[in-house]
2 protein chains.
Amino acid sequence: MFLIEIYQKFFQQFLLLYRPFENNLNIQLSKHDLHRAQWSILHFLFNYDSATLVELANYQSVEKPTITRTIARLEELGYVEHVPSKDKREKRMRLTELGKKIYSEVRVTIDQYEQDILKGITEEEQLAAIRIMGEIRNNIIK
Amino acid sequence: MFLIEIYQKFFQQFLLLYRPFENNLNIQLSKHDLHRAQWSILHFLFNYDSATLVELANYQSVEKPTITRTIARLEELGYVEHVPSKDKREKRMRLTELGKKIYSEVRVTIDQYEQDILKGITEEEQLAAIRIMGEIRNNIIK
DNA sequence: CTATCATAGTTACTCAGGGTAACAATTACT
DNA sequence: AGTAATTGTTACCCTGAGTAACTATGATAG
């Protein structure tokens, strides 16, 4: 019974946290004319150099048409470009120079935002929370 | 520098967790023809008995028209009803008997879902995570 | 007590983001 | 060689959410 109470709280707390988080994140990103789905892809490509649309879809847990749209917008903006590969089916994308520049600029805003929302939470707690979130994600995905 | 790394990881981990969480939650809720915004309102009304649309908007961190729409759908389904109050401007809502019945039924599914995704995470860790999420939410909202 | 200001909610319009189904092009496999 | 599977796209539909403009009601200052 006690456990059930905890579970309910966890669930509701999580749902309640996401909306303000997303709202504020969008405010930060809109300073650079970006949306969070686009930002997430910039982040991935910056750290992994290049990726196919299917890899991006798995990363974001969305369907392929969603990625097609997001990438199309990023291509229009000139932030990503197509890099040819052996397999002619796949469309491997990477950041352009402009994309890298924009990413680094927005990174500053995002870092500041993260520091603001994590104020008063110790390093250990953050690491613990990161680990727990990872475990939950594994539980969900498998 | 180490701190910055933590912040980046935390942030990205959170973004990454939400999508699978939402996808699976929608699967659970769709068994009962509900969406998560509607579920969240049922939950609030079940625990707080009644609420005005503005109170619900604050709870969910959304604008008023969003709540108007969600409530309209819940009214059509016969899950909530209008309870008259002194202030004729406000529209105070509460669950109908059917609404309470549905809530209790879905509650079982949701509890099971929560237990599944929290498998392998101790009670203490869950409580810690709940507390941290609360602190982050306060940081964002203020 | 009236005029102004504030609050609650609705309507109309717009947008982001995502899903499914059907399809073409290419590659892998038997 | 012929059939599977994979990759990506297009078309169409839906949820969820925001802004601006509005009505109706209540609160307050003079």
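Every read-out reported here was derived from the displayed coordinates using simple, explicitly stated rules and does not represent laboratory data. Keep in mind it's a predicted model, so treat the numbers as computed, not measured. When we count neighbours, we look across all protein chains shown, and the Cβ atoms used for this are built from the backbone with ideal geometry, even at glycine.
With only alpha-carbon pairs counted, each pair once and no self-pairs, how large is the Kirkwood hydrodynamic radius of the protein assembly as shown in angstroms?
Computed over the protein assembly as shown, the radius equals 20.8 Å.
In square nanometres and to one decimal, what's the mean projected area of the convex hull around the Cα atoms of the stretch A:58-99?
Here the figure is 3.3 nm², rounded to one decimal.
Hey, what's the Kirkwood Rh for chain A if you take every pair of different alpha carbons, in angstrom?
It is 17.3 Å.
Quick one: angle between helix B:64-76 and the longest Cα principal axis of chain B, in degrees between 0 and 90, rounded to 10, please.
Around 60 degrees separate the two axes.
Say a site is exposed when it is one of the GluC sites (Glu not before Pro), sits in a DSSP loop, and has at most 14 other Cβ atoms within 10 Å; what is then the longest site-free stretch of chain B?
Result for the longest clean stretch: B:1-62.
Do any of B:31/B:101; B:64/B:91; B:86/B:142; A:64/A:100; A:64/B:119 go past 19 Å between their Cα atoms, and which?
From B:31/B:101; B:64/B:91; B:86/B:142; A:64/A:100; A:64/B:119, over 19 Å: B:86/B:142; A:64/A:100; A:64/B:119.
Assign unit charges at the C-beta atoms only (+1 for Lys and Arg, -1 for Asp and Glu), then state the dipole size of the protein assembly as shown relative to its Cα centre in Debye, rounded to the nearest 20.
Dipole size: approximately 760 debye.
Averaged across the residues of B:37-44, what count of C-beta atoms belonging to other chains lies within 10 Å of each residue's C-beta?
Taking all residues of B:37-44 together, the mean is 2.
Looking only at other chains, what is the average number of their beta-carbon atoms within 10 angstrom of each beta-carbon in B:21-28?
3
With the contact rule set at Cα under 8 Å and sequence spacing of 6 or more, what percent relative contact order holds for the stretch A:27-113?
Relative CO of the stretch A:27-113 lands at 33 percent.
Loop-only check: which trypsin sites (Lys or Arg not before Pro) in the stretch A:88-140 are DSSP coil with at most 12 other Cβ within 10 angstrom?
Qualifying residues, ordered by number: A:88, A:89, A:119.
Relative to the first principal axis of the alpha-carbon coordinates of chain A, what is the inclination of helix A:97-117, with its axis defined by its Cα atoms, in degrees from 0 to 90 and to the nearest 10?
On a 0 to 90 degree scale, this one is about 10.
Distance in nm between label sites at residue B:69 and residue B:48, each 7 Å beyond Cα in the beta-carbon direction?
The two pseudo-label positions are separated by 2.1 nm.
Please determine, in degrees from 0 to 90 and to the nearest 10, the orientation of helix B:123-141 with respect to the longest principal axis defined by the Cα atoms of chain B, where the helix direction is its Cα long axis.
The angle comes out near 70 degrees.
Just how large is the dipole of chain A about the Cα centre, in debye to the nearest 20, putting +1 at every Lys and Arg Cβ and -1 at every Asp and Glu Cβ?
520
Under 15 Å from the 7 Å Cα→Cβ point of residue A:86, by amide nitrogen: which residues of the stretch A:28-54?
Zone members listed by number: none at all.
Among rounded, prolate and oblate, which fits the stretch A:58-142 when a ≥ b ≥ c are the square roots of the eigenvalues of its C-alpha gyration tensor, a/c under 1.5 means rounded, and a/b larger than b/c means prolate?
oblate
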